[in-house]
Amino acid sequence: METKELFQKLSMLAAEIDYDIYVVGGYVRDLQLGSPGKDIDFVVIGDAMRFADYLKKNLQISNLVQYQRFGTFMMTYAGYQLEFVNARKESYEDTSRKPQTQQADLYTDLSRRDFTINTLAMDISKEKYGEIIDVYDGIRDLKHGIIRTPLQPEQTFYDDPLRMMRAVRFATRFGFQIDSKIFEAIRKENERLSIVSQERITEEFNKILMANQPSRGLHLLDETELLQVFLPEMAAMKGVEQKKNFHHKDVFYHTLEVVDNIAEQNGTLQLRLAALLHDVGKPRTKRFDQESGWTFYGHEIVGERMANAILKRMRYSNEIIQYVKKLTKLHLRPMALVDEDVTDSAIRRVMFNAGEELEDLMDLCRADITSKNPQRVERFLDNYDQVVKKMAEVEERDRIRNFQPPVNGVEIMELFNLEAGPRVGKIKKFIENAILDGQVSNEHDACVEYLMQHKEELLD
Ligand code: ATP
Ligand code: MG
């Protein structure tokens, strides 16, 4: 169903019970940006619960979920995810002149929204279909790429501190700037994020990590000091120390590059989290050695434990926790295999330990190469390629060792009308060699045909 058709239908049904509905928030914003989604929010000027009942009756909807207490309901319809909410009217005394009240209701509702770019509404009534209602200069801020609050920022963030995370999220997703007044307000109120439930914080954090360039958001979280509040272990990764002629790379900025590298490959959330935490054990294991400079011995083991604690605290699923722990623990192992006299069994052990996650582990190792020195990058990439090659070779050798041709002894006996005996073994060896030499493909029917073609010489 075309979106316009959907809007007209819903608006008409609302009109039948004397209500107005407006499209608001993310959909209208993304429409202006040229990429409207299928997730659509509506404001109902009227009683949303009554509208829900009316829709259920008239559209035969079975999946409608109502939250009476919040005056909101959701449903899926024709592939769209629709959410309706009551415009709040408590601040309005004068309800006698309906049109003004309706307008006022919508406006009040819009003023309660987090950012100007999210305050846009679209009229979908028959008379004014498609008209954009822009009370807070949301379109201007969209054009200029600015995140701003419609009302006083301190109050906005005080009322719902999660909005500070949302500011970072939208700035990251769209590559927008956070207005300097807003930025200062976040820096002032950042501590208050701690009153927000961890689930809500984590949900916003995930969206920041899933952006095309998560480092933008991680920088902003750092600069606003929100990161200190919910992920102090990451904030602790900042800083370099110089001792004698030795200095170590800033772990925080290195990590951001690794996460961006994974994002560039369209990596999953769990792989991005592994990239984020793989070096989290470094600050605690940092030691200075007079001879060799800075060392981080055991940081992968300390990191594994820290990742476990952090991800539990952030309410990630057990599956994600186990995955990130595994990659953190193993992240140094593949590159250690580049050593010339490394044995097959050492290579096999890493592959076995990584199991299903081997490919992701190798992606992480590849993303971990962030040096600014082109010669070093070249050398590391060359090492990486060698390790990948060694793994492929071991796998191939193992495959050949365990190789079973697709035609077995019993079938050979039937095909050639033979009794069990050394001849059967010889024919088996013959087909095995033919497969390994590439004379015939490793498939049952092809092998039978090949055997029949060579029947005479085999029985000779
Ligand atoms: P997305 O594309 O990620 O869904 P969205 O803008 O639709 O972005 P939602 O979280 O779905 O974001 O919220 C829908 C709308 O509700 C927002 O556009 C905003 O107007 C409003 N909103 C959501 N959360 C808040 C909040 N914490 N404070 C104020 N307004 C909010
Ligand atoms: Mg939305």
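To keep it simple, each residue is scored yes or no on (1) touching a residue at least 40 places away in the same chain (Cβ under 8 Å); (2) part of a helix (DSSP H, G or I); (3) open to solvent by 10 Å² or more (accessible area, probe 1.4 Å).
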{"position": "D279", "(1), (2), (3)": "yes, no, no"}
{"position": "F288", "(1), (2), (3)": "yes, no, yes"}
{"position": "W294", "(1), (2), (3)": "yes, no, yes"}
{"position": "V302", "(1), (2), (3)": "no, yes, yes"}
{"position": "N308", "(1), (2), (3)": "no, yes, yes"}
{"position": "K312", "(1), (2), (3)": "no, yes, yes"}
{"position": "I320", "(1), (2), (3)": "yes, yes, yes"}
{"position": "S345", "(1), (2), (3)": "no, yes, yes"}
{"position": "D360", "(1), (2), (3)": "yes, yes, yes"}
Inset, instruction - Kindly check whether there is at least one residue in the range 84-99 that is assigned by TED's automatic domain parsing to the domain that holds I117, within 16 Å of ligand 2 (Cβ to nearest atom), surrounded by 15 or more Cβ atoms within 10 Å (Cβ to Cβ) and at pLDDT 90 or above. - result: yes
Inset, instruction - Just give me the residues in the range 18-77 being modelled with pLDDT of 95 or more, hydrophobic (A, V, I, L, M, F, W, C), within 16 Å of ligand 1 (Cβ to nearest atom) and part of a helix (DSSP H, G or I), in sequence order. - result: V28, L31
Inset, instruction - Of the numbered conditions (1) without any contact (Cβ under 8 Å) to a residue 12 or more places away in the chain; (2) not assigned by TED's automatic domain parsing to the domain that holds H454, E419 fails exactly one; give the number of that condition. - result: (2)
Legend entry - Complete set of residues in the range 191-242 that are of a type in the set (K, R) and in a helix (DSSP H, G or I): R192, R200, K207, R216
Legend entry - Every residue from the range 165-182 that is buried (at least 19 other Cβ atoms within 10 Å of the Cβ) and more than 10 Å from ligand 1 (Cβ to nearest atom): A167, V168, A171, T172, F176, I178, D179, I182
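For (1) of a type in the set (S, T, N, Q); (2) in contact with a Lys or Arg (Cβ under 8 Å, 6 or more places away or on another chain); (3) farther than 25 Å from F115 by Cα; (4) open to solvent by less than 60 Å² (accessible area, probe 1.4 Å), each residue gets a yes or a no:
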| residue | (1), (2), (3), (4) |
| --- | --- |
| T3 | yes, no, no, yes |
| E16 | no, no, yes, no |
| G25 | no, yes, no, yes |
| Q32 | yes, no, no, no |
Legend entry - Among the candidates K325, K238, K286, K312, residue that is in the same structural domain as L358 (by TED's automatic domain parsing) and within 19 Å of K372 (Cβ to Cβ): K238
Legend entry - Qualifying residue in the range 33-53 (condition: free of Cβ contacts under 8 Å to residues at least 24 places away in the same chain, away from ligand 2 (no atom under 16 Å from the Cβ) and of a type in the set (D, E, K, R)): yes
Inset, instruction - Could you please let me know if I133 is crowded, with 21+ Cβ neighbours inside 10 Å, more than 16 Å from I182 (Cα to Cα) and either without any contact (Cβ under 8 Å) to a residue 24 or more places away in the chain or more than 16 Å from ligand 2 (Cβ to nearest atom) (or both)? - result: no
Inset, instruction - State whether the residues of the range 194-205 include one that is within 16 Å of ligand 2 (Cβ to nearest atom) and basic (K, R). - result: yes
Inset, instruction - State which residue is surrounded by the most Cβ atoms within 10 Å (Cβ to Cβ) when the search covers only the range 104-124 and only residues that are hydroxyl-bearing (S, T, Y) and modelled with pLDDT of 95 or more. - result: T119
Legend entry - Among the candidates G138, G145, residue that is at positive phi and of a type outside the set (V, I, T): G145
Inset, instruction - Being under 14 Å from L459 (Cα atoms) and of a type outside the set (F, W, Y) is the filter here, so list the residues in the range 407-419 that pass it. - result: I412, M413, E414, L415, N417, L418, E419
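The values are calculated or read from the model by the stated rules, or taken from the named source; none is laboratory data. Worth saying up front: this structure is predicted, and the values here are computed from it rather than measured. Positions of Cβ are generated from backbone atoms using ideal geometry, with glycine treated the same way; all protein chains shown enter the neighbour counts. The area values use the complete protein model at the heavy-atom level, side chains included, leaving out ligands, DNA and RNA. Shrake-Rupley method; radii C 1.70, N 1.55, O 1.52, S 1.80 Å.
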